[in-house]
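The values are calculated or read from the model by the stated rules, or taken from the named source; none is laboratory data. Quantities reported herein were computed from a predicted structural model and do not represent experimental measurements. Glycine also receives a Cβ, built like all others from the backbone with ideal geometry; neighbour counts cover every protein chain displayed.
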Amino acid sequence: MTTHAVLATVADRSGMLYGLTKVLADHRANITHVDIHNEPSSRIYFELELDDVPLAAVLGDLQKVQGVISVTETPSFAGIYGKRIIVMGGGAQVGLVAMGAISEADRHNIRGERISVDTIPLVGEQALAAAVRSVGRLPRARILVLAGSIMGGEIADAIDEVQKSGLYVISLNMAGSVPDAADLVVTDPVQAGVMAVMAVADTASFDLMRQLKKRY
C-alpha cells in the first residue's frame, strides 16, 4: 500500500467529515490519522494508505463532495516533523532538557532524521498526571521526559499507563516515586535530553532497551 497525506479545505458545517470519509471508504483507503483545524479556515487533514488506487482519482472524488472548497496532496506530518519527544515539568529543568534534546536532534536531522521536541512547563500532581496520560494520545510521540525536583503519586500511576501503550519515559533524578516508575533515570538534564533523542534516532547506536531501569 502507498501512503499519502491529503488536506481538504471545507465549508464550516455539519456532515463534512462524514462526506470525506465515505469517499475514502469507497476507495478502500486505510485512514491512519485525522486532524481538524477550524482557524483561519476549516481544514481536515488525512494520512491514509491506498492499495492499487490512483491518488488522483481519490482527490477528484473528494473534490465532488458538497461543501469541499479544495483538496490537495501535502507532505505528511511524519515526513516534516517526524518523531516527537515530549518534555514536561518545572520550567528551569524543562529548558535544560530541551537544550540537550534540540542540540542532539540537530545532529541527527542533518543526517536525514526528523525529530521534533515539544515542551510544556507544568507543576502540580493532578496537572502533570493528566498531561502524562495525554501524551499516550499524541500522534508520533515516542518518548516522554519528566523534568522536575519532586514528582510522584498519581504521576507515577500515569507513567505505568502510558508505558503499556509503548511510550518510553525518562525521568530526572528527583524526589518522589516517578524515578522508580520511569524506564531510565538521568541526573544531568542536558544529558537526559541528549539520551532521549539518541533513543529514538535511527542514526544513533544507543539502545534504550539495554538501559532500562538504570540510573546515571
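Can you confirm whether the stretch 77-90 contains a residue that is more than 30 Å from A129 (Cβ to Cβ) and not charged (D, E, K, R)? Looking through the stretch 77-90, at least one residue is more than 30 Å from A129 (Cβ to Cβ) and not charged (D, E, K, R).
Within the stretch 77-134, the set of residues being in a strand (DSSP E or B) and within 18 Å of P179 (Cβ to Cβ) comprises I86, V87, M88, G89.
V53 is checked against (1) assigned by TED's automatic domain parsing to the domain that holds V200; (2) in contact with a His (Cβ under 9 Å, 6 or more places away or on another chain); (3) β-branched (V, I, T) and fails just one. What number does that condition carry? Only one criterion in (1) assigned by TED's automatic domain parsing to the domain that holds V200; (2) in contact with a His (Cβ under 9 Å, 6 or more places away or on another chain); (3) β-branched (V, I, T) is unmet by V53, namely (1). Selection over the stretch 1-28 of residues that are of a type in the set (A, V, I, L, M, F, W, C) and in contact with an Asp or Glu (Cβ under 7 Å, 6 or more places away or on another chain) gives a count of 4.
If I ask for residues that are more than 18 Å from R142 (Cα to Cα), of a type in the set (D, E, K, R) and modelled with pLDDT under 95, which ones from the stretch 181-216 would you list? Don't jump to the end; show me each part of the working.
Within the stretch 181-216, the subset more than 18 Å from R142 (Cα to Cα) is 187-190, 214-216.
After this cut, where a residue has to be of a type in the set (D, E, K, R) as well, the list is 188, 214-215.
Hits for the stretch 181-216 are K214, R215.
Condition check for M209 on (1) in contact (Cβ under 8 Å) with a residue 24 or more places away in the chain; (2) hydrophobic (A, V, I, L, M, F, W, C); (3) within 21 Å of A101 (Cα to Cα): one failure, at (1).
Which fully enclosed helices (runs of 4 or more DSSP H) of the stretch 135-216 have 2 or more residues being within 22 Å of the chain's Cα centre (by Cα) and among the β-branched types (V, I, T)?
Working: elements: 154-164, 178-181, 189-200.
So the answer is 154-164, 189-200.
Take G124 and tell me if it is modelled with pLDDT under 95, buried (at least 16 other Cβ atoms within 10 Å of the Cβ) and under 15 Å from G89 (Cα atoms). For G124, the condition - modelled with pLDDT under 95, buried (at least 16 other Cβ atoms within 10 Å of the Cβ) and under 15 Å from G89 (Cα atoms) - is not met. State which residue pairs qualify: first residue under 15 Å from M88 (Cβ atoms) and inside the stretch 175-192, second residue part of a loop (DSSP other than H, G, I, E, B) and of a type outside the set (S, T, Y) in any location, beta carbons under 6 Å apart, and separation of 6 or more residues or different chains. Pairs found: G176/M151; G176/G152; V178/M151; V178/G152. For the stretch 120-139, the tally of residues that are in contact with a helix residue (DSSP H, G or I) (Cβ under 6 Å, 6 or more places away or on another chain), under 25 Å from L208 (Cα atoms) and of a type in the set (D, E, K, R) stands at 1. Among the residues of the stretch 35-50, the one identified as of a type in the set (S, T, Y) and in a strand (DSSP E or B) is Y45. If you check V10, V23, V34 for being closer than 30 Å to G112 by Cβ, in contact (Cβ under 8 Å) with a residue 12 or more places away in the chain and surrounded by 13 or more Cβ atoms within 10 Å (Cβ to Cβ), only one passes: V34.
Is at least one residue of the stretch 60-83 among the basic types (K, R), in contact with a helix residue (DSSP H, G or I) (Cβ under 9 Å, 6 or more places away or on another chain) and surrounded by 15 or more Cβ atoms within 10 Å (Cβ to Cβ)? Step through it out loud before you land on a result.
Restricting attention to the stretch 60-83, the residues satisfying the condition of being among the basic types (K, R) are 64, 83.
Retained after the next criterion (residues that are in contact with a helix residue (DSSP H, G or I) (Cβ under 9 Å, 6 or more places away or on another chain)): 64, 83.
Those still in the list that are surrounded by 15 or more Cβ atoms within 10 Å (Cβ to Cβ) too: 83.
Looking through the stretch 60-83, at least one residue is among the basic types (K, R), in contact with a helix residue (DSSP H, G or I) (Cβ under 9 Å, 6 or more places away or on another chain) and surrounded by 15 or more Cβ atoms within 10 Å (Cβ to Cβ).
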